[in-house]
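Take a look at the structure below.
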Amino acid sequence: MALYRLITENKNRDDIEDILKVFFTGSTIYEATGFWKNTKEQSLIIEIDGNGDYFDIVHLAKVIKKLNNQDAVMVQQIRAKTEFI
């Protein structure tokens with residue numbers, strides 16, 4: 001199973017949350033400070049447990065990239081074991 005992490009600029013958060021609800025049943029969003037091309041920006045870190053297909057994650061990244069008018073959205077796929085206890 002994988003944990004998917006998307007890192008994007010903190011813009012249009014309400015729209016991003018609405019999009020996440022369409023694609024996935026669960027996700028977590030963190031606010032962070034990041035740097036892109038040596039410029040400081042407020043960022044969102046979106047984590048989705050392995051309930052998503054990689055192609056859905058890539059599609060989501062492309063939607064967010066367009067929505068936020070960004071050069072790129074970082075996507076990470078991290079091996080993880082998820083349990084609900």
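Values for this structure:
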item: Strands (runs of 3 or more DSSP E) enclosed by the chain - at least 2 residues per element that are on the phi > 0 side of the Ramachandran plot and not small (G, A, S); result: none
item: Given (1) modelled with pLDDT of 95 or more; (2) over 10 Å from the mean Cα position of the chain (by Cα), index of the condition L6 fails; result: (2)
item: Among residues of region 30-49, those that are within 24 Å of K81 (Cβ to Cβ) and surrounded by 15 or more Cβ atoms within 10 Å (Cβ to Cβ), counted; result: 5
item: Residue identified as in contact (Cβ under 8 Å) with a residue 12 or more places away in the chain, open to solvent by 100 Å² or more (accessible area, probe 1.4 Å) and out of contact with any strand residue (DSSP E or B) (no Cβ under 8 Å at 6 or more places or on another chain) among K81, K21, K66; result: K81
item: Matching residues, region 53-85, being in contact with a helix residue (DSSP H, G or I) (Cβ under 7 Å, 6 or more places away or on another chain) and closer than 19 Å to M1 by Cβ; result: D56, L60, V75, Q77
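The values are calculated or read from the model by the stated rules, or taken from the named source; none is laboratory data. Small disclaimer: the values here were computed from a predicted structure and weren't measured. As a convention, Cβ positions derive from the backbone with ideal geometry for all residues, glycine included, and neighbour counts pool all protein chains shown. Each accessible area value is taken on the protein alone, full model and side chains, heavy atoms only, with ligands, DNA and RNA left out. Shrake-Rupley method; radii C 1.70, N 1.55, O 1.52, S 1.80 Å.
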